[in-house]
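Structure first, then comments.
Readers should treat all values here as calculations from the given coordinates under stated rules, not as data from a laboratory. Note that the structure is a prediction, hence the values are computed from the model and not measured. All Cβ positions, even for glycine, are placed from backbone atoms using ideal geometry, and neighbour counts span all protein chains on display.
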Amino acid sequence: MEKEKVSLIHKAVKGYFRFVVNGIYNKHFYCFDVENLPPEGVPCLVVSDHQNCLNDALGVLFSVNDRKMHFIARADAFDIHPLFRKFLLWAGVLPAYRIDHEGEEALGNNQDTFRITEQNLIDGRSILLFPEAGHQTRHWLGFFSLNYAKMAFECAEKTGFEKEVFIMPSCNHYTDYHGMRNDMLIRFGTPISVKPWYELFKTKPRTAMREVNKLVKEQIHSLMLDIQDLDNYDEIDYLRQSGFGREFALKNGYNPDYLPEKLEADKKLVALLAEKKATYEEVKQLREALAAHKLQDRHFDRRPRPLLLSLLALLLLPLAIVGVWPALPAWFIPMHFAKRMEDNMWDGTFLTAMFSLVIFPLSILITLLVEWPFIGAWSLLHVAAIPALCVFEWYWFSFVRNAAAGFRFRRYGEKLRSMRESAFRHMKQILGYE
Amino acid sequence: MIDALRPAIAEEFEVEEADLALDARIKETLDLDSLSLVDLVAIIEQCTGIKPTGTDIKDILTFGALYDYIWGRCNG
């Protein structure tokens, strides 16, 4: 099968997004086992868990570099602006209509997406989609629509079951869904061929799809952090991110500062908590007390130095003033829009999309237009420094936020130390170690 | 009417009739997504003569609630 030609413009646009997202927005980007992807020319549906909106798709886009990835995305993204719709279609994205968002009448439009996707598969393309059909708001694997399995089997059917179609489970993970300068991870699993189910599909298509779906979901569950205990989700999530989770990671030979190992440690911790049927009353009280005072758990183990941070922020203030442009609009404009969404999982999407598509290019243009008449080519230096200034500004504001958090911790935190120690001691007893 | 509906659902969705118990959850039992919702609506229409919308059905959690809905629609 002929390799799909990827235009120079497509490569340039992808490179630009990679620079902005992985160079400025993310601190570290990890990708594992992309070599497990079937080679280009072999029909492959990449399916993944989905929490962080656009960033999940970008992660896969930046991981797969030997072919053009195709995507299926929520249809309302195509309504943002006609130009944006054209951009998405050009980038290889197709719309998926959902009854909860576009309504029942729009579901028929999915037939076009199915038809084009099946043809793309027949042509040996790789397509990413999210079977949960919408993003979750937590580390949790939800219900899978079987449409992806249907597309895989119908692609095979259209070729007289000659073509072997693969489904590739994958997962994504983040140190934090919100803010920036976080770490991100994409991990691919082992491709699952649907060929062994072809005969079953001919007589019992739904059973075939269910069986494949079960395998796919099991694999994604094993790759990702999947906290199924939703009643105690907040407590479990707090524990894994706290000094308790950090100590657990170290005790089990994982580096808590290295996201891939922290993920494995967190998965182990969550599994152990479920196995031991842990109870979380003390942890819940602790978590609520910390939240009420806006305190951060990490300050208990790494003593805050609010005076030093304040001094540092003051010393760097001149550079922070220089960095206000364009860093302030770069971060605050998207966050202004993100806060208007009821769902806070849109933060990252607004930051990356608005910054990449609008603010960053505009800031370069405006900087040049304003400065060139006065300082000529020296303005190019300022333009070249914009990415570094944006990152610096983020860290400068972090110094200020952390200084404030440090003062708050000094005021309220020590009173909660014994509560924390008691809660952690109780959890260690439940888990069977001290 | 419900007696005709149960085997039709079981056959279409390749499940056992016993799986369609009153307290069984529709979404999980039938792996009901937007496409298969359309199929379920078609079966209900075929077996009962009523024309539910997908929007009506998608929020019904259990088969018991579904049968109550159909009964209610049939009896005005």
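Quick notes on this structure:
- Using a simple spin-label model with pseudo-atoms 7 Å out from Cα toward Cβ, A:K3 and A:E421 lie 6.2 nm apart.
- In this structure, the residue pairs whose Cα-Cα separation is over 29 Å, taken from A:K217/A:K276; A:K11/A:K262; A:K150/A:K268; A:K217/A:K262, are A:K11/A:K262; A:K150/A:K268.
- Neighbour-count ranking [beta-carbon atoms within 10 angstrom, fewest first] of A:S193, A:S418, A:S242: A:S418, A:S193, A:S242
- Mean separation of Cα pairs under 8 Å and 6 or more residues apart, divided by the residue count, gives the range A:20-131 a relative contact order of 40 percent.
- Fully extending the segment from A:K202 to A:K276, taken as 0.36 nm per residue of separation minus the present Cα-Cα distance, adds 22.3 nm.
- Based on Cα contacts under 8 Å between residues 6+ apart, chain A shows a relative contact order of 17 percent.
- Beta bridges by DSSP in the protein assembly as shown, antiparallel share as percent, to the nearest 5: 25
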